[in-house]
1. Using per-residue counts of other Cβ atoms within 10 Å, averaged over each peptide, order 63-70, 143-150 from highest down.
2. Give the relative contact order (percent, whole number) for the range 34-174; include only Cα pairs under 8 Å separated by 6+ residues.
3. May I have the convex hull volume per residue, in Å³, for the Cα set of the chain?
4. Ratio to report: Rg/Rh of the range 98-160, with Cα atoms as the point set and Rh obtained by the Kirkwood method; give two decimals.
5. Can you give me the % of accessible surface on the range 1-122 that is carbon or sulfur? Probe 1.4 Å, all protein chains present, nothing else counted.
6. Give me the dipole magnitude in Debye, nearest 20, for the chain about the Cα centre, with unit charges on the beta carbon: positive for Lys and Arg, negative for Asp and Glu.
7. Calculate the length of the line joining the C-alpha centroid of the range 20-54 to that of the range 87-165, in whole Å.
8. Please give the net charge around Ile103, taking every other residue with its beta carbon less than 13 angstrom from that of Ile103, where Lys and Arg add +1 and Asp and Glu add -1.
Amino acid sequence: SSGTLGAGRLPAPAGGGPPGGVAAMVSPVSINTPQTLVVGYSVPANTIAAGTTYRVAAYGTGTSSAANVNSFKILYNSSAIATLSLTAATSGTNIGFHVEFLITFQSTTVSEVTAMYNEGGNTGLYTSTILVMAPANATGLTTTGNATLELDYASAAASTTATFDTAIIELVKP
């Protein structure tokens, strides 16, 4: 009835731990086609609650020589729960960009994702400097088992490439 419990006897903290960074990419990566993982996190079972919020952010440069569709996707257990699709400009080399997603679980089975993309000009991965995505809801999620949360990127052709210099997943609110 007294003493200190070992970590293995304690319940898993909401969201998988205290607020803060939970995943980061370890080295830059250039991606065009096919869809490829940028950064991912293994969410422990039974740690998602209403209000649990993650932030996924990535910075890099984009190069394009054709108006290809390219997309940033948030996946939860290998299913896309949000996609931010852009049409690349027909020119632009090493144009800096930033993309950020907020993933808020409205319950243990429903998520809402919002996103913003901005870049240093109107060439590169997009034809404008900013794009704000309308909220995307996903239902029927399973949070009772271990799950993966990840950011993926793909473009329709190799003539549009994103080079990710840094990407993180942060637990904002357990």
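The values are calculated or read from the model by the stated rules, or taken from the named source; none is laboratory data. Quick caveat: nothing in here was measured; it's all calculated off a predicted structure. Backbone-built Cβ (ideal geometry, glycine too); neighbour counts: all protein chains shown. Keep in mind that these areas ignore ligands, DNA and RNA; they rest on the heavy atoms of the full protein, side chains included. Shrake-Rupley method; radii C 1.70, N 1.55, O 1.52, S 1.80 Å.
1. The peptides rank, most packed first, as 63-70, 143-150.
2. Rounded, it is 41 percent for the range 34-174.
3. About 108 Å³ per residue, rounded to a whole number.
4. Across the range 98-160, the Cα-based Rg/Rh ratio is 1.07.
5. Of the solvent-accessible surface of the range 1-122, carbon and sulfur hold 53 percent.
6. Working: 4 positive and 7 negative charges, 62 e Å.
In total the dipole reaches around 300 debye.
7. 12 Å
8. On the way: positive: Arg55, Lys73, Lys173; negative: Glu100, Glu112, Glu150, Glu170.
Once all neighbours under 13 Å are counted, the net charge is -1.
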